[in-house]
Structure formats: structure tokens, C-alpha cells
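Here the structure comes first, spelled out in C-alpha cells, and everything after it is commentary.
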Amino acid sequence: MPYKPLEISTPKPVLSWANHSLASQETQMAKNVASLPFVFKHVALMPDVHLGKGALVGSVIATKDAIIPAAVGVDIGCFTGDTLVPLADGKSYPLVELASWRREFVVYSCTDTGRIVAAKASARLTRRNAPLVKVVLDNGAEIKCTPDHQFMLRDGSYQEAKDLKNGTSLMPFYSKKDKDGYTLIQQNYSGRYQKAHWMIARSGLLGKIPKFPGQRTVIHQKNFDPVDNRPENLEFINKEIANRIYPLETCGTEVKSPIGLHNHRRKEHGYNHKVVGVIFLSEKQDVYCLTVPEYHNFALTDGVFVHNCGMCAVKMPFSGEQLEGKLKQIRLEIEAAIPVGFNANKDIEKSVSNWQGWRQFKDLHSKVQNLESKALKQLGSLGGGNHFIELCVDSENSVWLMLHSGSRHIGNMLAQRHIDSAKALAKLAETKLPDPDLAYFIAGTSEFSAYWRDLQWAQNYARYNREVMMARFKQIVEQAIAGGKPTKPLLEVNCHHNYAEKEVHFGEDVYVTRKGAVRAQENDYGIIPGSMGAKSFIVKGKGNAESYCSCSHGAGRLMSRNKAKKQFTVDDLVQQTAGIECRKDHGVLDEIPGAYKPIEEVMNQQSDLVEIVATLRQVVCVKG
């Protein structure tokens, strides 16, 4: 369904994908945003658009050199087009070439535990004519990137290029060929080299490793080229067959490094992966970056790992039949394992206390420094409102895990502090605004920089919060279905909404704020959930330019929470959630399906924005 321009008089037009007229308050809110002097080209409204604070929920706002701190944002650092990235096929490619492919490929990433794995990624142009710095390493490599790009340090934390100091140790990436021409990757935690094609298999990119009783499973290249590690060129075979093909095959073994545990000795590698200089350059270039949905980092050929730039969903290797008779117990165990509403964790698990983000807490806004203990206890908790945990089954009867949560109290407080600062600056400068909640920061100011820094931290907190909860959720389902045996997901999707980032649209660098919207660039995976009791959808973006490559983040509310509580009863809730294992009491009445737009209509209105990959129905729903 194509958009329709709103019939309003504003400096910039407003394009709407909704199939209804806006109410008077909604129209005024759209007018307010479209009247701001820094708005770029037009404002886009998604099918789920409804009233928000300052700007409509479901609006996409592109701006030039300014940002409204009413939305959560995270900046994207980038590299020049000639920067080389090693792929799992055994070759390195410049970013500009990868961006031209317009498809996924396999790179090397580093997990939170320090293990190097293979992961799917995609590349794109992110900014034009961007300022640059040169990061010089002790191996002689020179990496040109934007000053804000994050490099992974040896301890797994991240630091922007402009803040790297001489002698800073970076997370290394070591690769070499063995005598038979196979690519070997060193695991930094052990110092042992592992064959790249087995790394691909263990990352789940070839499916499940088969078992041959009494025989050893190996992997071989179909075209007999040991350098060609593309997943489609690899296949599992057993040792007996392998010996007939080439007797010396030793796939799957790990070659012990001469130094044992990795210690950065120069005699082994010739360099330490340390920074020897950061040089600010006068030149500017178009820059590129990768998106690595699962691990959010990737290796460069120069031998270091760097960061890539919310809901998450996981497709499990289970069928709906395996859930029979277990739904109530699964819900009870979810509610026992994951705090909801205002509750927090009583015990702090190791993965939470070891999160690298705590190292940067002292750099956050001064007025949140007393919240560190609360933020620690809330990491791995759901929150309330429209946040949820759902167990779903798709149209092919496959089981999905889905959850929606954010940066909890600490994220809210950080946002509020910066909104207050923006309002104070507007008042001091006597800036006339159509709505005080549209106060903004100007790029290049200290206030803008502080906002980016804090919201980047909050966005990372939100992402890790979802990861902690999803790990607990997955273990509960695995226990119920597979006796606790860990399983490899078939597909994982993790997407942000309520955020802002730098992007290139219509040939220009802009800040895109997606308030209640999801990025839907070509082949981007996304999640569009319905209300509790309705369908949800896994989608893939079509890259619609007029929407700034965006889509809706859900069904969108038809009425306020208070109105829903007045209009509906608990009996209505029971009827509208029939067949779903969930709470059916007054405490979640404001989340009743009748308070939301029909998700089918919302999806029909954005057929030009996304294609549907999977249709899900909830069987368990946990609300705050």
C-alpha cells in the first residue's frame, strides 16, 4: 500500500502509510515536527502511528545537523571503502565491494566469552564525505575510519577511535594457512588454531553436524579448493569417505600454537596489536560499515575486531507438538526466572556483573551516578507496559521465542536528563518551539556529544538486557522439550526501535530518528508483533526510500491505557485471549487486544515496505 501525503500546510510534507485520518491532536503533532527548520525532505508516518510525547509514535524523522533527544539513539562509526574485511571463503574484500553485493556473507566475530566464530553480515554505505582519523597499529597497519567508530579492546570492551591511546591493546585476529592450504584462525582464549571451515560448521551455518556411529565426521570442500570456505561449498562426510578422497585430511583437529596460551609475543606474530598513534585527517571520504545482527562486531584484515552498528526473536529446532501439556509450566517458570514490572533480580548472575558496560558507567550523566546498583539488579528484567515475553508457533508449526524490552529505569532516567538539558538550552537561547518536547541538540556541541555517549551506552544496555533474558527463556524451553540439552537456533532476529542513527538518504548524510519504527533496508530482518492474542510477523525489508527504509514496530494503539481500562472488562480479556497461556486479570487489562489496531490491517498498509518471512501466533504470553 503506497503512502498518502497529509493535506496539511507545513514547510516539509508528511507522508503517511496509515489507512485512516489522523485525530486533531495527532495532526498537530505531525505539523509541529514538520515545521522544525532542520527536518530533511519529509516526515514519514508508519501504519501503526499514534499519539506520543513530542513526536508521534510510529514516525520516522530525518534531520540535518540536529537531533531531538526524545528518542533513544546510537551512532554508527564507519570505515573508508578500501578497508579490507576477511570472509569465511578465505579471501579479503574491500567494504565498498561488499556493499555492492546487496546480500549476506560470512565474517568472523568475537563472542562475549572471547571465542571467535563465523557469523552472517551485510554491508552498506553509511555516510558521505565523513571526517576521518587514521589508527596506526604496531604491525604497521593504518586503518582510516570516522572518529566515533568503536574498536574492541583486549578485555572485550569498546572504545571510540578518537579516544584510543598509544599502547592500548586491541582484541587480535590471527589467521594463517597450514601446509595443505587450509585457513586457520587462532582462538585468543587458548592460543590454539582452528580450521575455518569447522568454525563455520560450529557456528550453525551448515546446519547440524551429522553423527556417524563409530566413525569420525569431517568437512570437505566440494570443489577440493581448501581456500574456498563458502558455506555452500562445504559438506559433511565421514572419515571413511574422507580417506578415500584424500588420505591426509585432518579436518576438525586443532593445531596447537607454538606459544600455548596467547600472550602477544612478538616472536610468534611480529606485533602486539597495540595502538601506536591516532591521527586526525583533513580529508573526507564516503564511509561504509557492516551489520552483524548476532554478535555486533567483525574482524578486519588488519587483525583487530571492531563494533557494528528492540526486540529479538529466535526460531528453535522444535515443533508445536512438543509443547503440548507444557505451556502453563513454561509460563510459570518464565515468571519465576525473569522479573517483570518494577521488580528486579534478587541474585546477580556472573554474566550480568561481568558485563563490560559497567566500566563506562562513571562517564555517564552526573545525575544518574546513584543508579548503578539499581541498573545492575535490573539487567535481565522485563519491565512493564507493552513489554512482553512470548512463546510462539509459526504457520509451519516451528517454535519461536520472542521478547520486547528496553534499557529499563536507567535508560529512562538518562533520556529524561538530556531532554531536560535540551529544554533548558532552548529556554536560555529563547528558541521558539511548537512543543517543548521537541527541544533539540545541535551537532558539534558538547551537549550533543554527551547525549550520543549516554544513549550509546543505554542502547548497549538494552541489547544485553534482552540477551540475558533470552538466554534464560531459551534454557526454560530447552528444559521442557529437550531435557535441558542446549540447542542451536535456526534463525535469530534482533532489531531496535525508538532510536536514531546516522544514515545516507537521497544522497545526503542525515540523522534518522525512528520513534516506534524499525529499520527496513533491503534484506534487513525485523519483527512486527501484534497485541497479546494476535499474530506477529518476522519480516524482511524492501528498502523503500520514501519511508527512509523503515516499517512499523507493531500494531499501534487504538486507545489510551486509561480508556482501555474503562471500556473493557476482565471477561473481555479472557475472551480475546482464548487459547493463550497468559495472565487474565485487571493488571494487564490495558494491554487487551481490543486496545490495539488489527495487525492484519497494519501489515496490509506496508506491503511496499516489507515482505513477510514468517507468521507467528502466540501460545504463551508474559506481561509486566
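The values are calculated or read from the model by the stated rules, or taken from the named source; none is laboratory data. Remember, predicted model here, so these are calculated numbers, not experimental data. In this analysis, Cβ positions are derived from the backbone assuming ideal geometry, glycine residues included, and neighbour counts consider all displayed protein chains. Areas reflect the complete protein model, heavy atoms only, side chains present, ligands, DNA and RNA absent. Shrake-Rupley method; radii C 1.70, N 1.55, O 1.52, S 1.80 Å.
Remark on LEU153: its backbone amide H falls under 5 Å from those of TYR158, GLN159, MET171, a criterion applied only to residues 5 or more positions apart or on other chains, H modelled at 1.01 Å from N. In order along segment 520-531, the phi-based Karplus estimate (6.51 cos²θ - 1.76 cosθ + 1.60, θ = phi - 60°) of 3J(HN,Hα) comes to 9, 5, 4, 6, 5, 7, x, 10, 10, x, x, 6 Hz; Gly and Pro are listed as x.
Checked against a 31 Å cut-off, the cross-linked pairs LYS41/LYS284; LYS177/LYS540; LYS326/LYS346; LYS515/LYS535; LYS377/LYS597 give Cα-Cα distances beyond that limit for LYS177/LYS540; LYS377/LYS597.
Taking every C-alpha pair closer than 8 Å and separated by at least 6 residues, the mean separation divided by the residue count of segment 1-97 gives a relative contact order of 19 percent. Residues whose amide H comes within less than 5 Å of that of LEU290, counting only those at least five positions distant or on another chain, are CYS309 (H built at 1.01 Å from N in the peptide plane).
What is the dipole size for the chain, taken about its Cα centre, with +1 at each Lys and Arg Cβ and -1 at each Asp and Glu Cβ, in debye to the nearest 20?
Values: 78 positive and 67 negative charges, 230 e Å.
Computed charge dipole of the chain: roughly 1100 debye.
Among PHE280, PHE568, the sequence by solvent-accessible area, most first, with a 1.4 Å probe is PHE280, PHE568. Per residue, the accessible area of segment 327-391 comes to 54 Å² when a 1.4 Å probe rolls over the protein heavy atoms. For a test of the definition: using alpha carbon positions, the gyration tensor, and the 1.5 limit on a/c, classify segment 43-175 as rounded, prolate or oblate. In terms of gyration-tensor shape, prolate. For TYR174, the residues whose modelled amide H falls within less than 5 Å of its own, excluding neighbours fewer than 5 places apart on the same chain, are GLN186. Relative contact order of segment 52-165, taken over Cα pairs closer than 8 Å and 6 or more residues apart, is 20 percent.
Would you mind telling me the share, in percent, of accessible area of segment 120-205 contributed by carbon and sulfur at probe 1.4 angstrom? The partial results should precede the final answer.
Values: 1320 of 2920 Å².
That fraction is 45 percent.
For segment 511-620, the share of DSSP beta bridges that are antiparallel, to the nearest 5, is 95%.
Computed with every protein chain present, the accessible area of HIS365 is close to 40 Å² [probe 1.4 Å]. Beta bridges from DSSP with both residues in the chain: antiparallel share about 95 percent, rounded to the nearest 5. The heavy atoms of LEU87 offer some 10 square angstrom of accessible surface to a 1.4 angstrom probe. Rounded, prolate or oblate: which fits segment 487-624 when a ≥ b ≥ c are the square roots of the eigenvalues of the alpha-carbon gyration tensor, with rounded for a/c under 1.5 and prolate only if a/b beats b/c? The shape class here is prolate.
About its Cα centre, segment 327-394 has a charge dipole of approximately 320 debye under the convention of +1 per Lys or Arg Cβ and -1 per Asp or Glu Cβ, with nothing else charged.
Note that segment 277-288 has calculated 3J(HN,Hα) couplings of x, 10, 10, 7, 9, 7, 6, 10, 9, 5, 10, 9 Hz, one per residue in order, obtained from phi through the Karplus relation 6.51 cos²θ - 1.76 cosθ + 1.60 (θ = phi - 60°); glycine and proline are x. Its relative contact order, with pairs defined as Cα atoms under 8 Å and 6+ residues apart, puts segment 384-459 at 25 percent. Summing Lys and Arg as +1 and Asp and Glu as -1 over all other residues whose Cβ lies under 15 Å from the Cβ of ASN604 gives a net charge of -1. Shape of segment 507-571 from its Cα gyration tensor (a ≥ b ≥ c, root eigenvalues): rounded if a/c is under 1.5, otherwise prolate when a/b > b/c, or oblate? Oblate is the answer for segment 507-571, as a/c is 1.5 or above yet b/c matches or exceeds a/b. Since only ALA458, ALA426, ILE476 are under comparison, the one whose Cα sits farthest along the positive direction of the charge dipole of segment 422-532, derived from C-beta charges on Lys, Arg, Asp and Glu, is ILE476.
Residues LYS623, LYS162, ordered by accessible area of protein heavy atoms at a 1.4 angstrom probe radius and largest first, appear as LYS162, LYS623.
Provide the FRET efficiency to the nearest 0.05 for the ALA337-LYS565 pair, computing r from the beta carbons and using R0 = 30 Å. The value I calculate is 0.55.
At 1.4 Å probe size, put HIS409, HIS505 in order of accessible surface, largest to smallest. List each step's numbers first, then the result.
Numbers: HIS409 55, HIS505 10 Å².
From most accessible down to least: HIS409, HIS505.
Note on the chain: semi-axes of the ellipsoid equivalent to its C-alpha gyration tensor, largest first and rounded to whole Å, are 40, 32, 23.
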